[in-house]
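As structure tokens, the structure follows; a few thoughts come after it.
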Amino acid sequence: MSEISVKLGELTGISSFNLREAFKVESKDTIAEGARLDVKKVAGKIACEKCGYTGGVKTMTPEEHHESSIVTCPKCGGPVAVTEGAGWIIESTKLVMPENAKR
């Protein structure tokens, strides 16, 4: 495996750096060891249940992010439903076959 592309949601609480470091550890002695991990960030989007606001979330500082994972509406402070950016997914992988492999 030469490359893995991942979409990482802003609201997962996982940084690109931490995902890459975990990948290095977890891929050791597997076919993914040494593969390039391409991380594409997906912005968090919400829909407010109180005022109807839809859109992005307030950017949190690292200190705020660790204090609370609760997201509220940036306009009215009301409860929200997360519509994008709450998860992560492997978007694609690239596998390089050895030249001597049977086809």
**OP:** Kindly indicate whether residue 30 is among the β-branched types (Val, Ile, Thr), modelled with pLDDT under 95 and within 22 Å of residue 98 (Cβ to Cβ).
**Re:** yes
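Using the structure shown, decide if residue 43 is in contact with a Gly (Cβ under 8 Å, 6 or more places away or on another chain) and small (Gly, Ala, Ser). Show your work before the answer.
Numbers: in contact with a Gly (Cβ under 8 Å, 6 or more places away or on another chain): yes; small (Gly, Ala, Ser): yes.
Yes.
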Original post:
Is there any pair with a first residue in the stretch 4-24 that is within 8 Å of residue 88 (Cβ to Cβ) and a second that is of a type in the set (Gly, Ala, Ser) whose Cβ atoms are under 8 Å apart and which are 6 or more apart or on different chains, and what are they?
Top reply: 8/16; 9/44; 9/85; 9/86; 9/87; 12/85; 12/86; 12/87
Original post:
Among the residues of the stretch 5-43 satisfying the criterion of being touching a helix residue (DSSP H, G or I) at 6+ places or on another chain (Cβ under 8 Å) and part of a strand (DSSP E or B), which is surrounded by the fewest Cβ atoms within 10 Å (Cβ to Cβ)?
Top reply: 41
**OP:** Output the residue which, of all residues in the stretch 44-74 that are in contact with a Lys or Arg (Cβ under 8 Å, 6 or more places away or on another chain) and outside any loop (DSSP other than H, G, I, E, B), is modelled with the lowest pLDDT.
**Re:** 56
Original post:
Mind checking which pairs have a first residue in the stretch 79-100 that is farther than 22 Å from residue 23 by Cβ and a second that is among the aromatic types (Phe, Trp, Tyr), Cβ under 9 Å, 6 or more apart or different chains?
Top reply: 80/53
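The values are calculated or read from the model by the stated rules, or taken from the named source; none is laboratory data. Please read all numbers here as calculations on a predicted model, not as lab measurements. All Cβ positions, glycine included, derive from the backbone under ideal geometry; neighbour counts span all protein chains shown.
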